[in-house]
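Remarks on the structure that follows.
The values are calculated or read from the model by the stated rules, or taken from the named source; none is laboratory data. Being a predicted model, the structure only gives us computed values, none of them experimental. Ideal geometry is used to build each Cβ from the backbone, glycine not excepted, and the neighbour counts take in all protein chains shown.
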Amino acid sequence: MDPEALNPVIDKAVESGIPVVMFDADAPNSKAYAFLGTNNYYAGVTAADKMAELLNEAGGEVGVVTHPNQLNHKERTEGFRETIEKEYPKMTVVDVKDGRGDQMISKEVSEELMREYPNIKGIFASEANGGVGVGKAVIDQQKKGGDIHIISFDTDKGTLDMINDGIISATMAQGTWKMGYWSLQFLFHLQHDIAGELEGETNLPRYVDTGITVVTKDNVNEYYPGE
């Protein structure tokens with residue numbers, strides 16, 4: 001939640017000879033050896049490109065439901081907003097709402113978006129609970145004849161079900177298995193002193209992008225557990 005809060009604890013561990021790597025969320029100013037996770041800015045770029053595709057690059061108003069003060073969500077929002085501003089001048093990000101990672105709050109702020117901007121064409125939710133909340137708001141809107149594209153994040157069952165049902169158009173799937181696998185490999189190399197040392201620093205990469213995949217109705221079944 002806070003990229004600075006754990007720095008003293010991380011630094012104390014590293015100074016005591018305990019290897020520390022970060023995955024999913026970084027503490028960039030700490031002494032952790034590496035961060036393995038999504039390039040969140042690029043994920044926002046990918047979401048913007050997908051939104052433009054869904055709108056056939058015809059333009060329109062779009063909004064964002066996110067955690068505005070959390071680093072990874074800020075990066076996703078910046079990637080989304082800046083890509084639309086630079087690459088898709090017919091599209092406009094009209095507002096960014098704080099969904100607080102809660103389905104009901106995300107539903108409420110999505111309803112606000114639709115009231116304030118009745119011509120809105122799409123909403124990007126930067127995390128899964130937000131996406132499901134937006135989806136619930138859009139279900140109500142569709143009953144009134146509205147048609148809004150949703151792009152969400154992650155692959156929880158609620159999100160996948162809404163993709164299957166045609167409520168959510170797409171979601172950004174993170175390389176979560178890769179995060180866990182390569183984090184453990186890094187720790188093993190560090191603990192057994194086989195990472196190698198170069199001028200007092202490990203030669204393991206400081207950052208590893210574990211990738212992003214766009215999930216739509218075409219490939220959603222691949223992301224259900226056991227598939």
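Annotation: residue 133 fulfils all but one of (1) buried (at least 24 other Cβ atoms within 10 Å of the Cβ); (2) within 14 Å of residue 76 (Cβ to Cβ); the unmet one is (2).
Under the condition of being in a helix (DSSP H, G or I) and of a type in the set (S, T, N, Q), which residue from the range 137-162 is nearest to residue 24 (Cα to Cα)?
Only one residue fits best here, namely 159.
Of all residues in the range 176-205, those that are at pLDDT below 80 have Cβ atoms under 9 Å from Cβ atoms of residues that are of a type in the set (D, E, K, R), 6 or more apart or on another chain, in 203/197. Residue by residue through the range 121-179, note down the ones that are among the hydrophobic types (A, V, I, L, M, F, W, C) and within 19 Å of residue 94 (Cβ to Cβ). Residues satisfying the conditions are 123, 124, 125, 134, 137, 138, 148, 150, 151. Among the residues of the range 63-92, those identified as in contact with a Phe, Trp or Tyr (Cβ under 7 Å, 6 or more places away or on another chain) and hydrophobic (A, V, I, L, M, F, W, C) are 64, 80.
For the range 77-101, give me each residue that is of a type in the set (S, T, N, Q), assigned to a helix (DSSP H, G or I) and in contact with a strand residue (DSSP E or B) (Cβ under 8 Å, 6 or more places away or on another chain).
Within the range 77-101, 77 is the sole residue that qualifies.
The set of residues in the range 102-136 being over 20 Å from the mean Cα position of the chain (by Cα) and part of a helix (DSSP H, G or I) consists of 108, 111, 112, 113, 114, 115, 116.
If you check 50, 74 for being assigned to a helix (DSSP H, G or I), touching a residue at least 60 places away in the same chain (Cβ under 8 Å), surrounded by 17 or more Cβ atoms within 10 Å (Cβ to Cβ) and of a type in the set (Lys, Arg), only one passes: 50.
Of everything in the range 163-188, what is assigned to a helix (DSSP H, G or I), touching a strand residue (DSSP E or B) at 6+ places or on another chain (Cβ under 8 Å) and not polar (S, T, N, Q)? Give them in sequence order. Listed by number, the residues that qualify are 163, 178, 179, 180, 182, 186, 187.
If you go through the range 113-123 one residue at a time, do you hit one that is in contact with an Asp or Glu (Cβ under 9 Å, 6 or more places away or on another chain), over 23 Å from residue 217 (Cα atoms), small (Gly, Ala, Ser) and at pLDDT 95 or above? Checked the range 113-123: no residue is in contact with an Asp or Glu (Cβ under 9 Å, 6 or more places away or on another chain), over 23 Å from residue 217 (Cα atoms), small (Gly, Ala, Ser) and at pLDDT 95 or above.
Considering the range 77-125, the residues that are touching a residue at least 60 places away in the same chain (Cβ under 8 Å) and among the hydrophobic types (A, V, I, L, M, F, W, C) include one that is surrounded by the fewest Cβ atoms within 10 Å (Cβ to Cβ), namely 120.
Going by the conditions given, is residue 36 surrounded by fewer than 20 Cβ atoms within 10 Å (Cβ to Cβ) and either under 30 Å from residue 189 (Cβ atoms) or among the charged types (D, E, K, R) (or both)? Considered against the rule, which asks whether it is surrounded by fewer than 20 Cβ atoms within 10 Å (Cβ to Cβ) and either under 30 Å from residue 189 (Cβ atoms) or among the charged types (D, E, K, R) (or both), residue 36 comes out as no. The condition of being in contact with a Pro (Cβ under 9 Å, 6 or more places away or on another chain) and among the aliphatic types (A, V, I, L, M) holds for residue 96. Could you count how many residues in the range 137-159 are under 15 Å from the mean Cα position of the chain (by Cα) and either surrounded by fewer than 22 Cβ atoms within 10 Å (Cβ to Cβ) or under 20 Å from residue 42 (Cα atoms) (or both)? Result for the range 137-159: 7.
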